[in-house]
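Right, one structure below, let's go through it.
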Amino acid sequence: MSGAPLAGKVAIVTGGAAGIGFALAEGLAQRGAAVLIADLKGAEAAAAKLAAAGHEAAGVTADVASEAATMAMAESAEARFGGLDILVNNAGIYATLTPQPFEALDIAEWRRVLEVNVIGTFLCCRAALPTMQRRGGGRIVTISSGVAFKGNPYMAHYVASKGAVVSLTRAMATELGKHGVTVNSVAPGFTLSDGVLKNPGLIEGVKEPSLRGRVLARDMLPADLVGAVCFFAGPDAAFITGQTLVVDGGAYFH
Ligand SMILES: NC(=O)c1ccc[n+]([C@@H]2O[C@H](COP(=O)([O-])OP(=O)(O)OC[C@H]3O[C@@H](n4cnc5c(N)ncnc54)[C@H](O)[C@@H]3O)[C@@H](O)[C@H]2O)c1
């Protein structure tokens, strides 16, 4: 795609095989980036969909909570596309969770949520940094959540994990600026992703209250997040770092 804002750039989208991640991978590809989709499952099939639409894309199976897998993921971007410029840390545990009172939350589930959402973000950033440094800089976008600001009930572990993602974004921004790497976060509101649509507890308990709580009173879809993520990943955001942009139809004013 000539004249595309991300032409010549290489992007990784974690959790990019489905849901919000696939919409982000498609949006980056449509703006000219070569995209490596990294996911626990379905990465190659999702990349094949992008390739069939004429984009440069590849898939790699990876668990973001595994140090070895995140290193292999960054190496794949280098081997397949010659480097890495953009990392979108989208993989996260949310849509499979069952809302529960704080005192009923399972400790093993707590640990896995923190492991994937927080430590997974850290591991992916650490794996990406050397290749971004070799390219003279890069863009990291984390996916936090509006819940970090609102403190929603019945998912205390998830809310805590997304608060940590906002803080980690700021901490990494302070350290990575000297490498020419910006680090920003997009905080979505309740989004009808593939995973959410399969979770009756979320659809029954969260969909209507979320819609009523928005200034723009309609359902939020994965496509609603593409502009914000591609902005942080692109040339217009070159002097912006450490920021979190809430994209939720005007539910929370950050
Ligand atoms: N859907 C929402 O309402 C909402 C709101 C705010 C933030 N978010 C965040 O957006 C991100 C995507 O959520 P979604 O609703 O699209 O979910 P989803 O379940 O539709 O898709 C998540 C994808 O991530 C993959 N994944 C999960 N764990 C992984 C791991 N350890 N390593 C690699 N890949 C993994 C899954 O296989 C899946 O393809 C998550 O970080 C979530 O917390 C979602």
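The values are calculated or read from the model by the stated rules, or taken from the named source; none is laboratory data. This one's a predicted model, so the numbers in the text were calculated from it and none came from an experiment. Using ideal geometry, Cβ is built from the backbone for each residue, glycine included, and neighbour counts are taken over all protein chains shown.
Would you check if there is a residue in segment 66-85 being under 23 Å from Asn199 (Cβ atoms) and either at pLDDT 95 or above or not in a loop (DSSP other than H, G, I, E, B) (or both)? Outline the logic, then answer.
Looking only at segment 66-85, we keep the residues that are under 23 Å from Asn199 (Cβ atoms), and these are none.
Within segment 66-85, not a single residue is under 23 Å from Asn199 (Cβ atoms) and either at pLDDT 95 or above or not in a loop (DSSP other than H, G, I, E, B) (or both).
So if I check each of Lys207, Lys150, which one is surrounded by fewer than 19 Cβ atoms within 10 Å (Cβ to Cβ), over 29 Å from Arg126 (Cβ atoms), near the ligand (Cβ under 10 Å from one of its atoms) and not aromatic (Phe, Trp, Tyr)? Full working, then the answer.
Values: Lys150 fails: near the ligand (Cβ under 10 Å from one of its atoms).
Sole residue among the options that is surrounded by fewer than 19 Cβ atoms within 10 Å (Cβ to Cβ), over 29 Å from Arg126 (Cβ atoms), near the ligand (Cβ under 10 Å from one of its atoms) and not aromatic (Phe, Trp, Tyr): Lys207.
Kindly check whether there is at least one residue in segment 183-195 that is out of contact with any strand residue (DSSP E or B) (no Cβ under 7 Å at 6 or more places or on another chain), at pLDDT 95 or above and more than 14 Å from the ligand (Cβ to nearest atom).
No, segment 183-195 contains no residue that is out of contact with any strand residue (DSSP E or B) (no Cβ under 7 Å at 6 or more places or on another chain), at pLDDT 95 or above and more than 14 Å from the ligand (Cβ to nearest atom).
Just to verify a result, which residue in segment 49-65, among those that are in a helix (DSSP H, G or I) and more than 15 Å from the ligand (Cβ to nearest atom), is nearest to Ile119 (Cα to Cα)?
Here the answer is Ala51.
Go through segment 83-109 and count every residue that is within 19 Å of Phe232 (Cα to Cα) and under 11 Å from the mean Cα position of the chain (by Cα).
Going through segment 83-109 one residue at a time, the tally reaches 5.
Being under 18 Å from the mean Cα position of the chain (by Cα), in a helix (DSSP H, G or I) and surrounded by fewer than 14 Cβ atoms within 10 Å (Cβ to Cβ), is that true of even one residue in segment 217-237? Talk me through it step by step, then tell me what you get.
Taking segment 217-237 and keeping what is under 18 Å from the mean Cα position of the chain (by Cα), we get 220-234, 237.
With the extra rule that they be in a helix (DSSP H, G or I), the set shrinks to 222-233, 237.
Still in the list and also surrounded by fewer than 14 Cβ atoms within 10 Å (Cβ to Cβ): 223, 227.
Yes, that holds for at least one residue.
Could you check, for segment 16-33, whether at least one of its residues is free of Cβ contacts under 8 Å to residues at least 60 places away in the same chain, over 30 Å from Pro200 (Cα atoms) and of a type in the set (Gly, Ala, Ser)?
yes
Which one is surrounded by the most Cβ atoms within 10 Å (Cβ to Cβ), of the residues in segment 99-118 that are in a loop (DSSP other than H, G, I, E, B) and in contact (Cβ under 8 Å) with a residue 24 or more places away in the chain? Spell out the reasoning first.
Within segment 99-118, the subset in a loop (DSSP other than H, G, I, E, B) is 99-101, 105-106.
Subsequent filtering for residues that are in contact (Cβ under 8 Å) with a residue 24 or more places away in the chain retains 99-101, 105.
Working: Pro99: 15, Gln100: 16, Pro101: 9, Leu105: 18.
The qualifying residue surrounded by the most Cβ atoms within 10 Å (Cβ to Cβ) is Leu105.
Taking the stated definitions as given, is Ala58 under 24 Å from Ile93 (Cβ atoms) and either of a type in the set (A, V, I, L, M) or at pLDDT below 95 (or both)? Outline the logic, then answer.
Details: under 24 Å from Ile93 (Cβ atoms): no; either of a type in the set (A, V, I, L, M) or at pLDDT below 95 (or both): yes.
When the stated conditions are applied, Ala58 does not pass them.
Determine if segment 83-102 includes at least one residue that is more than 24 Å from Ala187 (Cα to Cα), within 12 Å of the ligand (Cβ to nearest atom) and in contact with a strand residue (DSSP E or B) (Cβ under 7 Å, 6 or more places away or on another chain). Walk me through how you get there before you give the answer.
Filtering segment 83-102 for residues more than 24 Å from Ala187 (Cα to Cα) gives 83.
From what is left, the residues that are within 12 Å of the ligand (Cβ to nearest atom) are none.
Scanning segment 83-102, I find no residue that is more than 24 Å from Ala187 (Cα to Cα), within 12 Å of the ligand (Cβ to nearest atom) and in contact with a strand residue (DSSP E or B) (Cβ under 7 Å, 6 or more places away or on another chain), so the answer is no.
Would you call Ala18 out of contact with any helix residue (DSSP H, G or I) (no Cβ under 9 Å at 6 or more places or on another chain) and of a type outside the set (Phe, Trp, Tyr)? Reasoning before the result, please.
Values: out of contact with any helix residue (DSSP H, G or I) (no Cβ under 9 Å at 6 or more places or on another chain): no; of a type outside the set (Phe, Trp, Tyr): yes.
For Ala18, the condition - out of contact with any helix residue (DSSP H, G or I) (no Cβ under 9 Å at 6 or more places or on another chain) and of a type outside the set (Phe, Trp, Tyr) - is not met.
Evaluate segment 154-177: report whether one residue or more is within 14 Å of the ligand (Cβ to nearest atom), farther than 25 Å from Glu67 by Cβ and of a type in the set (Lys, Arg).
No, every residue in segment 154-177 fails to be within 14 Å of the ligand (Cβ to nearest atom), farther than 25 Å from Glu67 by Cβ and of a type in the set (Lys, Arg).
Among the listed residues Thr96, Thr121, which satisfies the condition of being hydroxyl-bearing (Ser, Thr, Tyr) and either surrounded by 20 or more Cβ atoms within 10 Å (Cβ to Cβ) or assigned to a helix (DSSP H, G or I) (or both)?
Thr121
If I filter segment 178-193 for residues that are part of a helix (DSSP H, G or I) and among the aliphatic types (A, V, I, L, M), do I get at least one hit?
Filtering segment 178-193 for residues part of a helix (DSSP H, G or I) gives 178-179.
Next cut, among the aliphatic types (A, V, I, L, M) only: none.
There is no residue in segment 178-193 that is part of a helix (DSSP H, G or I) and among the aliphatic types (A, V, I, L, M).
Residue by residue through segment 28-39, note down the ones that are more than 7 Å from the ligand (Cβ to nearest atom) and out of contact with any Asp or Glu (no Cβ under 6 Å at 6 or more places or on another chain). Let's see the steps before the verdict.
At the first step, the residues of segment 28-39 found to be more than 7 Å from the ligand (Cβ to nearest atom) are 28-37.
Leu28, Ala29, Gln30, Arg31, Gly32, Ala33, Val35, Leu36, Ile37 - these are the residues of segment 28-39 that are more than 7 Å from the ligand (Cβ to nearest atom) and out of contact with any Asp or Glu (no Cβ under 6 Å at 6 or more places or on another chain).
Residue by residue, here is whether (1) in a loop (DSSP other than H, G, I, E, B); (2) surrounded by 18 or more Cβ atoms within 10 Å (Cβ to Cβ); (3) at pLDDT below 95; (4) away from the ligand (no atom under 16 Å from the Cβ) holds:
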{"site": "Leu6", "(1), (2), (3), (4)": "yes, yes, no, yes"}
{"site": "Ala17", "(1), (2), (3), (4)": "yes, yes, no, no"}
{"site": "Phe22", "(1), (2), (3), (4)": "no, yes, no, no"}
{"site": "Glu26", "(1), (2), (3), (4)": "no, yes, no, no"}
{"site": "Lys41", "(1), (2), (3), (4)": "yes, no, no, no"}
